[in-house]
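Undergrad: Sharing a structure below in structure tokens format, with a few things to ask.
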């Protein structure tokens, strides 16, 4: 008897493994993800899993890259749906936060568990750079003489900080909406 992975192409199998890893991590966390369990859930043998990925760190990195691609797509869609250029940052900030809160394990893979995906590192895939470019583009109207790259780094830092502190239970839940409004509409504006 053959499973769905038996008739799949190499890219299909790789995508399936990444999708299943992502689903398992979101449901149960990264700590419980083993190669054997992942192979079983993806309906591939363990040897096939390791033909596609050298180790679990490679699976984690692939999930992170796919996550960055999904976030970049969400930011691009949010930007495309926005008819008011002055609201570009607010729209992007909202889309970013929505993605981060809806995909906590993937977000961790992207920004906490894969240090090799740092924006300044050589050979960083296109997807993380696309996220930065989208955030930068949204902040250019607010730059007013400030370096757009630095402003984008600050914007991303603010978003990431609020995500991690909120998820860690360090911030007052009742002030969440106000914090998000401040980040989106007031903090990065020139006085």
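Undergrad: Is it the case that residue 72 is more than 23 Å from residue 128 (Cα to Cα), in contact (Cβ under 8 Å) with a residue 12 or more places away in the chain and either in the same structural domain as residue 111 (by TED's automatic domain parsing) or more than 21 Å from the chain's Cα centre (by Cα) (or both)?
TA: So residue 72 does not fit the description; no.
Undergrad: If you check 136, 170, 179, 146, which single one turns out to be free of Cβ contacts under 8 Å to residues at least 24 places away in the same chain, in a loop (DSSP other than H, G, I, E, B) and in the same structural domain as residue 101 (by TED's automatic domain parsing)?
TA: Exactly one residue qualifies, and that residue is 170.
Undergrad: Which of the residues belonging to region 46-55 are surrounded by fewer than 17 Cβ atoms within 10 Å (Cβ to Cβ) and in contact with a helix residue (DSSP H, G or I) (Cβ under 6 Å, 6 or more places away or on another chain)?
TA: Matches in region 46-55: 46 only.
Undergrad: Just to be sure I understand, how many residues within region 41-70 are under 20 Å from residue 123 (Cβ atoms) and in a helix (DSSP H, G or I)?
TA: The number of residues fulfilling the criteria is 14.
Undergrad: So how many residues does region 19-40 have that are assigned to a loop (DSSP other than H, G, I, E, B) and surrounded by 15 or more Cβ atoms within 10 Å (Cβ to Cβ)?
TA: Matching residues across region 19-40 total 2.
The values are calculated or read from the model by the stated rules, or taken from the named source; none is laboratory data. Being a predicted model, the structure only gives us computed values, none of them experimental. When we count neighbours, we look across all protein chains shown, and the Cβ atoms used for this are built from the backbone with ideal geometry, even at glycine.
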